[in-house]
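Here the structure comes first, spelled out in structure tokens, and everything after it is commentary.
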Amino acid sequence: MTAKDSLSDYLAGGIYYAILLEAFLIALSPPLATAALLLGVIFWLARLVVDKECRRFRRLPYDVPAALFALLGAVSIFVSPDRGFSFYNYYNLVGVYLLTYLLIGQNVQASQDIRKIVYALGLSCVLVVLYGFYQFAFGIDTSTMKWVDGDAFPELKKRVFSTWENPNILAGYLDVAMCFAFAFFVKMRDQRRRIALGAALVLLAACLAMTYARMAFLVVALIFILYGMFRDGRVLLAVGIVAGALFLLDPALLDRVTSVFTRVDTSSEMRLALWESTLAMIGDHPFFGIGWGAYWMVYPEYDFYLQGADVLIVHAHNMYLNYAAEIGVVGAVSFLWFFFGTMGLAFFSKVHDSEGFRQGLMLGISLAFFSIALNGLTDDVLFNIPSSMLLWLLAALAAVTEFAGNEEDEAIVMDELAARKRQKLRELRQRAKEGGESPKNSGEESEN
């Protein structure tokens, strides 16, 4: 091995450990996760300089819509009321998202590497949940933080948010985590792992209940109910038991969840008003939007509800409307093409292994994206930076898992063909010997 090869391998290891560190830190410390990402990018660029073989970029399944989304997001900067702010916000956010996607998509190949990234995500989730339980047991009174209508829910004084910014964002993250735990539970074949995953699901559900996030609770319940209706009816029984136990233990949770259908509070009223304002923005700026990250600057011109109140509105509380408002309808469609394309890629994937890990991973990614899609109807869950980082990381994992599955399937097929060829050659040699004919005369000179 040459010195250049050794250096290339060293840099490859640095890239991989940076990816692991980013995956672990996204939910715990976004600034440190970003630092790990940048370190990985530095290693990657250095490896591209050192090793020409690494300059062969592979085409990921949804590169085109991702690039189109990035391009139209950049174009929207020019129509922003504050181009400097939009440019700063754009390159800091979109840069992080695309680099995460590319770093993983171009450097992760082996199934074992994918597995370790999932383990890193799982370990950080354990810490998030433990801190959530700690907050619920010893945490502060959050009633003054304007996360709930005190008049509509006077008994609700405590909502956990763990390492995330607020309870709703934590709830969206827990929905994603529950989708993965559920997917691995139904696909993994090892009984001990399934028991551990079942226990994890219960703990995740308990932590989700502590957020009192209505839509997130309903979204994950709906996903499991749909799976139970179309795939395995036993899931319906499990959902009923867990939900019933949580409601019996905490009647305030039942009141909070059912309030979606029985009453209108200020949170619901404000969302309806924001959607009306956002639709007006889209109608006035359909092509290039109002500018990346400029919602808070433009909203006062479309304020039909707050009427000048001293409240900063930073997004539309609807993922679909927010993208369409800020980067235009075509930009929003580009993102949704990338988003739902990745979800479909994961859901309809044919990758498999003997343990069920890859099947569980791809099902988990598809269900996680579905949860984000549903939560996005009433909140812009991707406005949160670590939530978006996680989304792009999962999209890259879906792509590389599909690649790894196809490559390993091709290797298996080639091995089977080679084995059949060797068997046929042995049979021909045996027949040649029995007939007194040499292998050479039979036209078969070697086993290669």
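The table that follows gives values for the structure above.
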{"read-out": "Residue tally, condition under 11 Å from ALA325 (Cα atoms) and buried (at least 20 other Cβ atoms within 10 Å of the Cβ), over region 249-281", "value": "3"}
{"read-out": "From PHE403, PHE369, residue being modelled with pLDDT of 95 or more, among the aromatic types (Phe, Trp, Tyr) and part of a helix (DSSP H, G or I)", "value": "PHE369"}
{"read-out": "Out of VAL50, VAL41, VAL75, sole residue that is more than 30 Å from ASN322 (Cβ to Cβ) and in contact (Cβ under 8 Å) with a residue 40 or more places away in the chain", "value": "VAL50"}
{"read-out": "Test result for ASP255, modelled with pLDDT of 90 or more, acidic (Asp, Glu) and assigned by TED's automatic domain parsing to the domain that holds GLY172", "value": "no"}
{"read-out": "VAL239 being within 22 Å of VAL260 (Cα to Cα) and crowded, with 16+ Cβ neighbours inside 10 Å", "value": "yes"}
{"read-out": "Search result, residues across region 259-285 that are among the charged types (D, E, K, R) and in a helix (DSSP H, G or I)", "value": "GLU269, ARG271, GLU276, ASP284"}
{"read-out": "Whichever residue in region 54-63 is in a helix (DSSP H, G or I) and free of Cβ contacts under 8 Å to residues at least 24 places away in the same chain and, among such residues, is surrounded by the most Cβ atoms within 10 Å (Cβ to Cβ)", "value": "ASP63"}
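Here is a yes/no grid of residues against (1) surrounded by 21 or more Cβ atoms within 10 Å (Cβ to Cβ); (2) more than 22 Å from PHE288 (Cβ to Cβ); (3) in the same structural domain as HIS352 (by TED's automatic domain parsing):
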{"site": "ILE26", "(1), (2), (3)": "yes, yes, no"}
{"site": "PRO31", "(1), (2), (3)": "no, yes, no"}
{"site": "LEU48", "(1), (2), (3)": "no, yes, no"}
{"site": "ILE77", "(1), (2), (3)": "yes, no, yes"}
{"site": "PRO81", "(1), (2), (3)": "no, no, yes"}
{"site": "ASN89", "(1), (2), (3)": "no, no, yes"}
{"site": "LEU98", "(1), (2), (3)": "no, no, yes"}
{"site": "GLY105", "(1), (2), (3)": "yes, yes, yes"}
{"site": "ARG115", "(1), (2), (3)": "no, yes, yes"}
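The values are calculated or read from the model by the stated rules, or taken from the named source; none is laboratory data. These figures come from a predicted structure and were not determined experimentally. Heads up, the Cβs are rebuilt from the backbone with ideal geometry, glycines too, and the neighbour counts pull from every protein chain shown.
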